1. Here is a list: Thr297, Thr322. Which entry is under 21 Å from Gly367 (Cβ atoms), surrounded by fewer than 18 Cβ atoms within 10 Å (Cβ to Cβ), within 16 Å of the ligand (Cβ to nearest atom) and more than 19 Å from the chain's Cα centre (by Cα)?
2. Consider Gly367 carefully, then state whether it is over 22 Å from Phe176 (Cα atoms), open to solvent by less than 10 Å² (accessible area, probe 1.4 Å) and more than 13 Å from the ligand (Cβ to nearest atom).
3. Pick from the range 235-257 the residues that are assigned to a strand (DSSP E or B) and near the ligand (Cβ under 10 Å from one of its atoms): which of them is nearest to Leu425 (Cα to Cα)?
4. Go through (1) within 15 Å of the ligand (Cβ to nearest atom); (2) touching a residue at least 40 places away in the same chain (Cβ under 8 Å); (3) open to solvent by 10 Å² or more (accessible area, probe 1.4 Å) one by one and return the number of the condition Glu424 breaks.
5. With respect to the numbered conditions (1) free of Cβ contacts under 8 Å to residues at least 40 places away in the same chain; (2) under 18 Å from Ala162 (Cα atoms), which one is the sole condition not fulfilled by Ser91?
6. Is the range 218-234 home to any residue that is part of a strand (DSSP E or B), touching an Asp or Glu at 6+ places or on another chain (Cβ under 9 Å), within 15 Å of the ligand (Cβ to nearest atom) and open to solvent by 20 Å² or more (accessible area, probe 1.4 Å)?
7. When the range 258-268 is examined, which residues are found to be open to solvent by less than 30 Å² (accessible area, probe 1.4 Å), more than 8 Å from the ligand (Cβ to nearest atom) and outside any strand (DSSP E or B)?
Amino acid sequence: MADFLTTLNRNPLTAPLAKALGLPNPVPLARSATGYETTPYAGKAVLLQAAPNSYAHASLLQAVRNGGGEPVLSGFSEKLDVAVFDATGCSTPADAQALYETFHGLARKLAVNGRVLIVAALHDDSAAPVAVATARGVEGFARSLGKELGRKGVTVNLAYVAPDAVERLEGVVRFFCGTQTTYVSGQAVRVTATAAVAPAAPAPAYSSALAGKVALVTGSARGIGLAVAERLLQEGAQVVCLDVPAVEQELQQTCARIGALPLALDIAAPDAPARLSAYFRERFGGLDILIHNAGITRDRTIANMTPVQWDQVLAVNFAAITEIDKVLLQDGTVRDGGRVVCLSSISGIAGNFGQTNYAYTKAALIGYVAAQAGRLGARGICINAVAPGFIETAMTAKMPFFMREMGRRLNSVQQGGQPRDAAELITFLATPGASGLTGNTIRVCGQGLIGA
Ligand code: NAD
(Lines give C-alpha, C1' and ligand atoms only; values in the text may rest on other atoms or scores of the structure.)
Protein backbone atom coordinates (compact mmCIF):
# COMPACT_ATOMS: atom_id res chain seq x y z
CA MET A 1 0.00 0.00 0.00
CA ALA A 2 1.58 3.32 -1.05
CA ASP A 3 2.27 5.86 1.66
CA PHE A 4 2.08 9.15 -0.26
CA LEU A 5 4.40 11.04 2.13
CA THR A 6 7.11 8.45 1.78
CA THR A 7 6.70 8.59 -2.00
CA LEU A 8 6.86 12.42 -1.95
CA ASN A 9 9.93 12.52 0.27
CA ARG A 10 11.89 9.91 -1.65
CA ASN A 11 11.29 11.44 -5.08
CA PRO A 12 13.98 14.05 -5.85
CA LEU A 13 11.42 16.11 -7.81
CA THR A 14 8.88 16.37 -5.00
CA ALA A 15 11.12 16.15 -1.91
CA PRO A 16 11.88 19.93 -1.85
CA LEU A 17 8.14 20.68 -1.93
CA ALA A 18 7.47 18.30 0.96
CA LYS A 19 10.26 19.97 2.92
CA ALA A 20 9.01 23.49 2.14
CA LEU A 21 5.54 22.52 3.36
CA GLY A 22 7.04 21.12 6.56
CA LEU A 23 5.52 17.68 5.98
CA PRO A 24 6.84 14.79 8.10
CA ASN A 25 9.68 12.86 6.49
CA PRO A 26 9.47 9.34 7.96
CA VAL A 27 12.84 7.62 8.27
CA PRO A 28 13.22 4.40 6.21
CA LEU A 29 12.81 1.66 8.80
CA ALA A 30 15.28 -1.23 8.88
CA ARG A 31 13.62 -4.50 7.91
CA SER A 32 14.93 -7.97 7.29
CA ALA A 33 13.70 -10.14 4.44
CA THR A 34 15.38 -13.22 5.88
CA GLY A 35 14.97 -15.34 9.01
CA TYR A 36 16.74 -14.87 12.33
CA GLU A 37 20.49 -14.49 12.26
CA THR A 38 22.51 -16.65 14.65
CA THR A 39 24.84 -13.73 15.45
CA PRO A 40 22.66 -10.60 15.26
CA TYR A 41 25.11 -8.42 17.23
CA ALA A 42 28.23 -9.30 15.26
CA GLY A 43 29.90 -6.10 14.06
CA LYS A 44 27.50 -3.92 16.04
CA ALA A 45 28.31 -1.38 18.74
CA VAL A 46 26.49 -2.64 21.83
CA LEU A 47 26.46 -0.93 25.21
CA LEU A 48 25.45 -2.84 28.33
CA GLN A 49 25.10 -0.94 31.58
CA ALA A 50 23.48 -1.63 34.91
CA ALA A 51 22.19 0.29 37.89
CA PRO A 52 23.90 -0.75 41.17
CA ASN A 53 22.64 -4.05 42.70
CA SER A 54 20.98 -5.20 39.48
CA TYR A 55 20.39 -8.95 39.11
CA ALA A 56 20.09 -9.53 35.36
CA HIS A 57 23.53 -8.33 34.31
CA ALA A 58 25.25 -11.73 33.94
CA SER A 59 22.36 -13.11 31.86
CA LEU A 60 22.29 -10.03 29.65
CA LEU A 61 26.03 -10.18 29.11
CA GLN A 62 25.79 -13.84 28.14
CA ALA A 63 22.84 -13.11 25.87
CA VAL A 64 24.80 -10.51 23.91
CA ARG A 65 27.87 -12.74 23.72
CA ASN A 66 25.80 -15.71 22.52
CA GLY A 67 24.55 -13.46 19.73
CA GLY A 68 28.09 -12.73 18.52
CA GLY A 69 28.52 -9.35 20.24
CA GLU A 70 31.00 -8.04 22.77
CA PRO A 71 29.36 -5.23 24.69
CA VAL A 72 31.05 -2.10 25.92
CA LEU A 73 30.41 -2.04 29.66
CA SER A 74 31.14 1.58 30.48
CA GLY A 75 31.77 4.73 28.50
CA PHE A 76 31.00 5.06 24.81
CA SER A 77 32.56 7.28 22.25
CA GLU A 78 31.12 6.07 18.98
CA LYS A 79 27.64 5.69 17.50
CA LEU A 80 25.75 2.92 19.23
CA ASP A 81 23.55 0.37 17.50
CA VAL A 82 22.17 -1.24 20.64
CA ALA A 83 21.91 -0.15 24.28
CA VAL A 84 20.81 -2.52 27.02
CA PHE A 85 20.30 -1.12 30.49
CA ASP A 86 19.74 -3.32 33.52
CA ALA A 87 17.57 -1.36 35.95
CA THR A 88 16.61 -4.35 38.11
CA GLY A 89 18.58 -2.82 40.98
CA CYS A 90 16.49 0.37 41.02
CA SER A 91 14.36 0.19 44.16
CA THR A 92 14.36 3.75 45.51
CA PRO A 93 13.86 7.09 43.79
CA ALA A 94 17.58 7.82 44.24
CA ASP A 95 18.52 4.68 42.28
CA ALA A 96 16.75 6.03 39.21
CA GLN A 97 19.57 8.56 38.88
CA ALA A 98 21.44 5.86 36.96
CA LEU A 99 18.82 6.06 34.20
CA TYR A 100 19.34 9.78 33.79
CA GLU A 101 23.10 9.51 33.82
CA THR A 102 23.21 6.75 31.25
CA PHE A 103 20.63 8.00 28.77
CA HIS A 104 21.44 11.69 29.03
CA GLY A 105 24.78 11.00 27.44
CA LEU A 106 23.58 8.19 25.22
CA ALA A 107 20.51 9.62 23.49
CA ARG A 108 22.43 11.47 20.78
CA LYS A 109 24.77 8.55 20.20
CA LEU A 110 22.14 6.11 19.05
CA ALA A 111 22.32 5.35 15.35
CA VAL A 112 19.31 5.55 13.03
CA ASN A 113 17.27 2.37 13.57
CA GLY A 114 19.13 1.82 16.85
CA ARG A 115 17.68 -0.35 19.60
CA VAL A 116 17.21 0.23 23.34
CA LEU A 117 16.09 -2.41 25.79
CA ILE A 118 15.67 -1.57 29.46
CA VAL A 119 15.22 -4.39 31.95
CA ALA A 120 13.43 -3.72 35.24
CA ALA A 121 12.48 -5.82 38.25
CA LEU A 122 9.18 -7.69 38.18
CA HIS A 123 8.05 -7.71 41.79
CA ASP A 124 5.56 -9.98 43.47
CA ASP A 125 2.81 -8.74 45.78
CA SER A 126 5.05 -8.86 48.85
CA ALA A 127 7.51 -6.26 47.53
CA ALA A 128 7.89 -2.85 49.16
CA PRO A 129 5.57 -0.29 47.52
CA VAL A 130 8.43 2.10 46.84
CA ALA A 131 10.39 -0.63 45.02
CA VAL A 132 7.30 -1.46 42.94
CA ALA A 133 6.80 2.22 42.15
CA THR A 134 10.43 2.69 41.20
CA ALA A 135 10.25 -0.20 38.74
CA ARG A 136 7.02 1.20 37.33
CA GLY A 137 8.66 4.59 36.91
CA VAL A 138 11.05 2.97 34.46
CA GLU A 139 8.06 2.32 32.19
CA GLY A 140 7.23 6.01 31.95
CA PHE A 141 10.88 6.72 31.26
CA ALA A 142 11.14 4.09 28.53
CA ARG A 143 7.93 5.14 26.78
CA SER A 144 9.00 8.78 26.78
CA LEU A 145 12.44 7.91 25.47
CA GLY A 146 10.75 5.95 22.67
CA LYS A 147 8.74 9.01 21.71
CA GLU A 148 11.88 11.17 21.69
CA LEU A 149 13.95 8.78 19.58
CA GLY A 150 11.24 7.30 17.33
CA ARG A 151 11.82 9.77 14.50
CA LYS A 152 15.25 8.20 14.05
CA GLY A 153 13.63 4.78 13.82
CA VAL A 154 15.07 3.92 17.25
CA THR A 155 12.89 1.50 19.22
CA VAL A 156 12.80 1.57 23.02
CA ASN A 157 11.24 -1.30 24.93
CA LEU A 158 11.10 -2.51 28.52
CA ALA A 159 11.23 -6.04 29.88
CA TYR A 160 10.13 -6.58 33.46
CA VAL A 161 11.87 -9.74 34.58
CA ALA A 162 11.16 -11.91 37.59
CA PRO A 163 14.29 -12.98 39.51
CA ASP A 164 13.60 -16.65 38.64
CA ALA A 165 13.27 -15.91 34.91
CA VAL A 166 16.51 -14.08 34.09
CA GLU A 167 17.78 -17.06 32.10
CA ARG A 168 14.81 -16.59 29.76
CA LEU A 169 15.97 -13.12 28.75
CA GLU A 170 18.16 -14.19 25.85
CA GLY A 171 15.39 -14.58 23.28
CA VAL A 172 13.74 -11.39 24.50
CA VAL A 173 17.01 -9.47 24.09
CA ARG A 174 17.44 -10.92 20.61
CA PHE A 175 14.03 -9.78 19.49
CA PHE A 176 13.94 -6.33 21.08
CA CYS A 177 17.54 -5.55 20.10
CA GLY A 178 17.23 -7.02 16.61
CA THR A 179 16.09 -5.76 13.23
CA GLN A 180 12.78 -7.62 13.58
CA THR A 181 11.43 -5.32 16.28
CA THR A 182 11.28 -2.44 13.81
CA TYR A 183 7.62 -1.41 14.38
CA VAL A 184 7.48 -2.48 18.04
CA SER A 185 8.39 0.35 20.39
CA GLY A 186 7.27 1.73 23.73
CA GLN A 187 6.22 -1.72 24.93
CA ALA A 188 6.56 -3.20 28.40
CA VAL A 189 6.58 -7.01 28.58
CA ARG A 190 6.72 -9.32 31.58
CA VAL A 191 9.28 -12.12 31.47
CA THR A 192 8.34 -14.90 33.88
CA ALA A 193 8.85 -18.59 34.54
CA THR A 194 5.06 -19.16 34.30
CA ALA A 195 5.34 -21.55 31.35
CA ALA A 196 7.17 -24.73 32.26
CA VAL A 197 10.24 -25.68 30.27
CA ALA A 198 11.18 -29.36 30.35
CA PRO A 199 14.42 -29.80 32.37
CA ALA A 200 16.09 -31.63 29.49
CA ALA A 201 14.88 -29.20 26.81
CA PRO A 202 17.60 -28.18 24.36
CA ALA A 203 18.72 -24.54 24.31
CA PRO A 204 16.41 -22.51 22.06
CA ALA A 205 17.47 -22.42 18.42
CA TYR A 206 17.74 -18.94 16.95
CA SER A 207 17.80 -19.87 13.29
CA SER A 208 15.35 -22.26 11.66
CA ALA A 209 13.79 -21.71 15.06
CA LEU A 210 10.57 -23.57 14.19
CA ALA A 211 11.93 -26.60 12.34
CA GLY A 212 9.65 -29.59 12.96
CA LYS A 213 6.74 -27.47 14.26
CA VAL A 214 3.23 -27.47 12.82
CA ALA A 215 1.41 -24.14 12.64
CA LEU A 216 -2.12 -22.96 11.87
CA VAL A 217 -2.73 -19.36 10.84
CA THR A 218 -6.38 -18.37 10.52
CA GLY A 219 -7.38 -15.69 8.02
CA SER A 220 -4.18 -16.09 6.06
CA ALA A 221 -5.26 -15.72 2.42
CA ARG A 222 -3.97 -12.15 2.61
CA GLY A 223 -2.81 -9.32 4.90
CA ILE A 224 -1.15 -9.93 8.24
CA GLY A 225 -2.10 -13.63 8.26
CA LEU A 226 -0.34 -14.26 4.96
CA ALA A 227 2.76 -12.42 6.17
CA VAL A 228 2.74 -14.55 9.34
CA ALA A 229 2.46 -17.75 7.30
CA GLU A 230 5.42 -16.71 5.15
CA ARG A 231 7.50 -15.77 8.18
CA LEU A 232 6.73 -19.05 10.00
CA LEU A 233 7.71 -20.97 6.86
CA GLN A 234 10.98 -19.06 6.79
CA GLU A 235 11.75 -20.38 10.28
CA GLY A 236 11.13 -23.94 9.11
CA ALA A 237 7.56 -24.62 10.33
CA GLN A 238 4.97 -26.56 8.35
CA VAL A 239 2.12 -24.10 7.91
CA VAL A 240 -1.59 -24.57 7.34
CA CYS A 241 -3.31 -21.46 6.01
CA LEU A 242 -7.01 -21.26 6.84
CA ASP A 243 -9.51 -18.86 5.31
CA VAL A 244 -13.20 -18.69 4.45
CA PRO A 245 -14.52 -20.97 1.66
CA ALA A 246 -15.44 -17.85 -0.38
CA VAL A 247 -11.73 -17.20 -1.05
CA GLU A 248 -10.71 -20.84 -1.48
CA GLN A 249 -9.28 -20.37 -4.96
CA GLU A 250 -7.12 -17.41 -3.88
CA LEU A 251 -6.07 -19.39 -0.80
CA GLN A 252 -5.01 -22.38 -2.88
CA GLN A 253 -2.97 -20.25 -5.27
CA THR A 254 -1.29 -18.42 -2.38
CA CYS A 255 -0.45 -21.67 -0.60
CA ALA A 256 1.00 -23.19 -3.77
CA ARG A 257 3.19 -20.12 -4.15
CA ILE A 258 4.51 -19.99 -0.57
CA GLY A 259 4.61 -23.71 0.22
CA ALA A 260 1.80 -23.94 2.78
CA LEU A 261 -1.28 -26.16 3.01
CA PRO A 262 -4.70 -24.59 2.35
CA LEU A 263 -7.70 -25.19 4.57
CA ALA A 264 -10.99 -23.56 3.55
CA LEU A 265 -13.10 -23.20 6.68
CA ASP A 266 -15.17 -20.54 8.42
CA ILE A 267 -13.81 -20.36 11.99
CA ALA A 268 -17.25 -19.34 13.23
CA ALA A 269 -18.94 -22.47 11.82
CA PRO A 270 -20.33 -24.60 14.68
CA ASP A 271 -18.30 -27.64 13.57
CA ALA A 272 -15.03 -25.70 13.07
CA PRO A 273 -13.39 -26.78 16.38
CA ALA A 274 -14.12 -30.48 15.79
CA ARG A 275 -12.99 -30.31 12.18
CA LEU A 276 -9.74 -28.60 13.13
CA SER A 277 -9.05 -31.12 15.86
CA ALA A 278 -9.62 -34.05 13.48
CA TYR A 279 -7.55 -32.43 10.71
CA PHE A 280 -4.45 -31.80 12.82
CA ARG A 281 -4.59 -35.08 14.73
CA GLU A 282 -4.97 -37.18 11.57
CA ARG A 283 -2.49 -35.27 9.45
CA PHE A 284 0.22 -34.23 11.90
CA GLY A 285 -0.60 -35.92 15.21
CA GLY A 286 -1.15 -32.45 16.75
CA LEU A 287 -0.49 -28.75 16.49
CA ASP A 288 2.34 -26.63 17.94
CA ILE A 289 1.51 -23.07 16.93
CA LEU A 290 -1.98 -21.61 16.76
CA ILE A 291 -2.28 -18.08 15.40
CA HIS A 292 -5.78 -16.65 15.81
CA ASN A 293 -5.47 -13.97 13.15
CA ALA A 294 -8.83 -13.99 11.32
CA GLY A 295 -10.86 -10.93 12.19
CA ILE A 296 -13.53 -8.69 10.72
CA THR A 297 -14.85 -5.16 11.16
CA ARG A 298 -18.46 -4.00 10.82
CA ASP A 299 -18.04 -0.37 11.84
CA ARG A 300 -21.03 1.73 12.87
CA THR A 301 -21.71 3.95 15.85
CA ILE A 302 -23.60 2.02 18.50
CA ALA A 303 -26.77 3.98 17.67
CA ASN A 304 -26.62 2.88 14.04
CA MET A 305 -25.26 -0.64 14.51
CA THR A 306 -27.55 -3.49 13.46
CA PRO A 307 -27.80 -6.63 15.60
CA VAL A 308 -26.21 -8.56 12.73
CA GLN A 309 -23.17 -6.27 12.70
CA TRP A 310 -22.76 -6.72 16.44
CA ASP A 311 -23.24 -10.49 16.29
CA GLN A 312 -20.94 -11.14 13.33
CA VAL A 313 -17.99 -9.35 14.88
CA LEU A 314 -18.44 -11.06 18.24
CA ALA A 315 -18.81 -14.45 16.60
CA VAL A 316 -15.66 -14.27 14.44
CA ASN A 317 -13.33 -12.16 16.56
CA PHE A 318 -14.06 -13.61 19.98
CA ALA A 319 -16.46 -16.55 20.33
CA ALA A 320 -14.87 -18.60 17.53
CA ILE A 321 -11.45 -18.28 19.15
CA THR A 322 -12.59 -19.42 22.56
CA GLU A 323 -14.61 -22.29 21.06
CA ILE A 324 -11.65 -23.51 19.01
CA ASP A 325 -9.31 -23.25 21.99
CA LYS A 326 -11.78 -25.07 24.22
CA VAL A 327 -11.49 -28.11 22.00
CA LEU A 328 -7.90 -27.92 20.75
CA LEU A 329 -6.38 -27.14 24.15
CA GLN A 330 -8.51 -29.57 26.13
CA ASP A 331 -8.29 -32.56 23.79
CA GLY A 332 -4.51 -32.20 23.53
CA THR A 333 -4.43 -31.26 19.84
CA VAL A 334 -2.26 -28.31 20.84
CA ARG A 335 0.80 -30.12 22.14
CA ASP A 336 2.61 -29.36 25.39
CA GLY A 337 5.11 -26.57 24.83
CA GLY A 338 2.75 -25.08 22.23
CA ARG A 339 2.18 -21.43 21.42
CA VAL A 340 -1.05 -19.51 20.97
CA VAL A 341 -1.16 -15.94 19.68
CA CYS A 342 -4.37 -13.89 19.43
CA LEU A 343 -4.63 -10.82 17.22
CA SER A 344 -5.98 -7.98 19.31
CA SER A 345 -5.85 -4.32 18.25
CA ILE A 346 -5.08 -0.88 19.63
CA SER A 347 -8.86 -0.39 19.35
CA GLY A 348 -9.11 -2.93 22.16
CA ILE A 349 -6.81 -0.79 24.30
CA ALA A 350 -7.91 2.75 23.51
CA GLY A 351 -11.37 2.19 22.02
CA ASN A 352 -12.26 3.64 18.63
CA PHE A 353 -15.13 5.67 17.22
CA GLY A 354 -17.59 3.41 15.42
CA GLN A 355 -16.00 0.23 16.75
CA THR A 356 -17.82 -0.70 19.95
CA ASN A 357 -18.29 -4.24 18.60
CA TYR A 358 -14.73 -4.64 17.33
CA ALA A 359 -13.08 -3.00 20.36
CA TYR A 360 -15.16 -5.20 22.67
CA THR A 361 -13.75 -8.32 21.03
CA LYS A 362 -10.19 -7.08 20.85
CA ALA A 363 -10.21 -6.01 24.52
CA ALA A 364 -11.76 -9.36 25.43
CA LEU A 365 -8.77 -11.13 23.88
CA ILE A 366 -6.40 -9.14 26.06
CA GLY A 367 -8.28 -10.36 29.13
CA TYR A 368 -8.44 -13.86 27.67
CA VAL A 369 -4.69 -14.35 27.22
CA ALA A 370 -3.97 -12.91 30.67
CA ALA A 371 -6.46 -15.33 32.25
CA GLN A 372 -5.34 -18.36 30.24
CA ALA A 373 -1.59 -17.93 30.78
CA GLY A 374 -1.49 -19.30 34.31
CA ARG A 375 -3.78 -22.19 33.42
CA LEU A 376 -1.63 -23.31 30.49
CA GLY A 377 1.73 -22.70 32.16
CA ALA A 378 2.13 -26.19 33.62
CA ARG A 379 1.90 -27.64 30.10
CA GLY A 380 4.56 -25.20 28.86
CA ILE A 381 2.05 -23.51 26.57
CA CYS A 382 2.50 -19.76 26.14
CA ILE A 383 -0.43 -17.59 25.09
CA ASN A 384 -0.06 -13.94 24.18
CA ALA A 385 -1.87 -11.24 22.27
CA VAL A 386 -0.47 -8.94 19.63
CA ALA A 387 -2.18 -5.60 19.15
CA PRO A 388 -1.40 -4.01 15.80
CA GLY A 389 -1.73 -0.29 15.32
CA PHE A 390 -1.92 0.96 11.75
CA ILE A 391 -0.74 -1.79 9.42
CA GLU A 392 -0.99 -1.30 5.64
CA THR A 393 -3.50 -4.00 4.63
CA ALA A 394 -6.85 -4.32 2.83
CA MET A 395 -8.54 -3.66 6.20
CA THR A 396 -6.88 -0.25 6.64
CA ALA A 397 -7.12 0.59 2.90
CA LYS A 398 -10.90 0.68 3.41
CA MET A 399 -10.59 3.61 5.87
CA PRO A 400 -11.54 7.14 4.76
CA PHE A 401 -8.47 9.14 3.61
CA PHE A 402 -8.12 11.46 6.62
CA MET A 403 -8.60 8.72 9.18
CA ARG A 404 -6.07 6.62 7.30
CA GLU A 405 -3.55 9.48 7.29
CA MET A 406 -4.07 10.04 11.02
CA GLY A 407 -3.53 6.36 11.68
CA ARG A 408 -0.34 6.41 9.67
CA ARG A 409 1.20 9.52 11.19
CA LEU A 410 0.15 9.44 14.83
CA ASN A 411 2.98 7.25 16.00
CA SER A 412 6.60 7.80 16.95
CA VAL A 413 7.96 6.72 13.55
CA GLN A 414 5.35 8.73 11.58
CA GLN A 415 4.41 5.89 9.22
CA GLY A 416 2.25 2.82 8.93
CA GLY A 417 3.64 -0.63 9.59
CA GLN A 418 3.88 -3.45 7.07
CA PRO A 419 2.17 -6.83 7.56
CA ARG A 420 5.66 -8.24 7.86
CA ASP A 421 6.30 -6.10 10.97
CA ALA A 422 3.37 -7.71 12.76
CA ALA A 423 4.50 -11.10 11.45
CA GLU A 424 7.92 -10.61 13.02
CA LEU A 425 6.47 -10.17 16.49
CA ILE A 426 3.96 -12.99 16.11
CA THR A 427 6.64 -15.36 14.83
CA PHE A 428 8.96 -14.44 17.66
CA LEU A 429 6.23 -15.31 20.17
CA ALA A 430 5.98 -18.75 18.54
CA THR A 431 9.68 -19.53 19.03
CA PRO A 432 11.32 -21.37 21.93
CA GLY A 433 13.24 -18.18 22.76
CA ALA A 434 9.97 -16.56 23.87
CA SER A 435 9.31 -19.11 26.64
CA GLY A 436 9.40 -16.31 29.24
CA LEU A 437 6.52 -14.46 27.62
CA THR A 438 2.98 -15.52 28.39
CA GLY A 439 -0.15 -13.55 29.22
CA ASN A 440 1.28 -10.44 27.59
CA THR A 441 -0.32 -8.11 25.09
CA ILE A 442 2.30 -6.47 22.92
CA ARG A 443 1.53 -3.70 20.49
CA VAL A 444 3.07 -3.48 17.05
CA CYS A 445 2.15 0.11 16.33
CA GLY A 446 5.33 2.16 15.87
CA GLN A 447 4.50 3.40 19.38
CA GLY A 448 1.12 4.78 18.41
CA LEU A 449 0.22 8.01 20.13
CA ILE A 450 -3.32 6.73 20.52
CA GLY A 451 -3.96 4.66 23.62
CA ALA A 452 -1.32 3.57 26.09
P1 NAD B 1 -7.66 -8.60 6.43
O2 NAD B 1 -9.09 -8.20 6.36
O3 NAD B 1 -6.73 -8.11 5.38
O4 NAD B 1 -7.56 -10.21 6.47
C5 NAD B 1 -8.35 -10.97 7.35
C6 NAD B 1 -8.51 -12.36 6.79
O7 NAD B 1 -9.36 -13.10 7.68
C8 NAD B 1 -9.19 -12.36 5.41
O9 NAD B 1 -8.46 -13.15 4.51
C10 NAD B 1 -10.57 -12.94 5.71
O11 NAD B 1 -11.13 -13.67 4.61
C12 NAD B 1 -10.27 -13.86 6.90
N13 NAD B 1 -11.47 -14.14 7.66
C14 NAD B 1 -12.46 -13.29 8.02
N15 NAD B 1 -13.45 -13.96 8.66
C16 NAD B 1 -13.08 -15.26 8.70
C17 NAD B 1 -13.68 -16.44 9.21
N18 NAD B 1 -14.90 -16.40 9.80
N19 NAD B 1 -13.03 -17.61 9.08
C20 NAD B 1 -11.82 -17.66 8.49
N21 NAD B 1 -11.21 -16.58 7.96
C22 NAD B 1 -11.82 -15.40 8.07
O23 NAD B 1 -7.17 -8.21 7.89
P24 NAD B 1 -5.71 -7.81 8.43
O25 NAD B 1 -5.58 -6.34 8.35
O26 NAD B 1 -4.68 -8.67 7.82
O27 NAD B 1 -5.91 -8.15 9.99
C28 NAD B 1 -5.58 -9.41 10.56
C29 NAD B 1 -5.90 -9.35 12.04
O30 NAD B 1 -5.22 -8.25 12.65
C31 NAD B 1 -7.39 -9.16 12.34
O32 NAD B 1 -7.75 -9.91 13.48
C33 NAD B 1 -7.47 -7.68 12.63
O34 NAD B 1 -8.58 -7.37 13.46
C35 NAD B 1 -6.15 -7.42 13.31
N36 NAD B 1 -5.71 -6.02 13.21
C37 NAD B 1 -5.33 -5.47 12.03
C38 NAD B 1 -4.92 -4.14 11.99
C39 NAD B 1 -4.44 -3.46 10.73
O40 NAD B 1 -4.00 -2.31 10.82
N41 NAD B 1 -4.46 -4.07 9.58
C42 NAD B 1 -4.93 -3.38 13.15
C43 NAD B 1 -5.34 -3.97 14.33
C44 NAD B 1 -5.72 -5.30 14.36
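1. Thr322
2. Values: over 22 Å from Phe176 (Cα atoms): yes; open to solvent by less than 10 Å² (accessible area, probe 1.4 Å): no; more than 13 Å from the ligand (Cβ to nearest atom): yes.
Answer is no for this residue.
3. Looking at residues that are assigned to a strand (DSSP E or B) and near the ligand (Cβ under 10 Å from one of its atoms), I get Cys241.
4. (3)
5. (1)
6. No, the range 218-234 contains no residue that is part of a strand (DSSP E or B), touching an Asp or Glu at 6+ places or on another chain (Cβ under 9 Å), within 15 Å of the ligand (Cβ to nearest atom) and open to solvent by 20 Å² or more (accessible area, probe 1.4 Å).
7. Initially, the range 258-268 is screened for residues open to solvent by less than 30 Å² (accessible area, probe 1.4 Å), giving 260, 263-265, 267.
Applying the additional criterion that residues be more than 8 Å from the ligand (Cβ to nearest atom) yields 260, 263-264.
Ala260 - this is the single residue of the range 258-268 that is open to solvent by less than 30 Å² (accessible area, probe 1.4 Å), more than 8 Å from the ligand (Cβ to nearest atom) and outside any strand (DSSP E or B).
The values are calculated or read from the model by the stated rules, or taken from the named source; none is laboratory data. The structure presented is a predicted model; accordingly, all values stated were derived computationally and were not measured. Counting neighbours? That spans all protein chains shown, and the Cβs are built from the backbone with ideal geometry, glycine included. Protein only, heavy atoms only, side chains kept; ligands, DNA and RNA dropped before computing areas. Shrake-Rupley method; radii C 1.70, N 1.55, O 1.52, S 1.80 Å.
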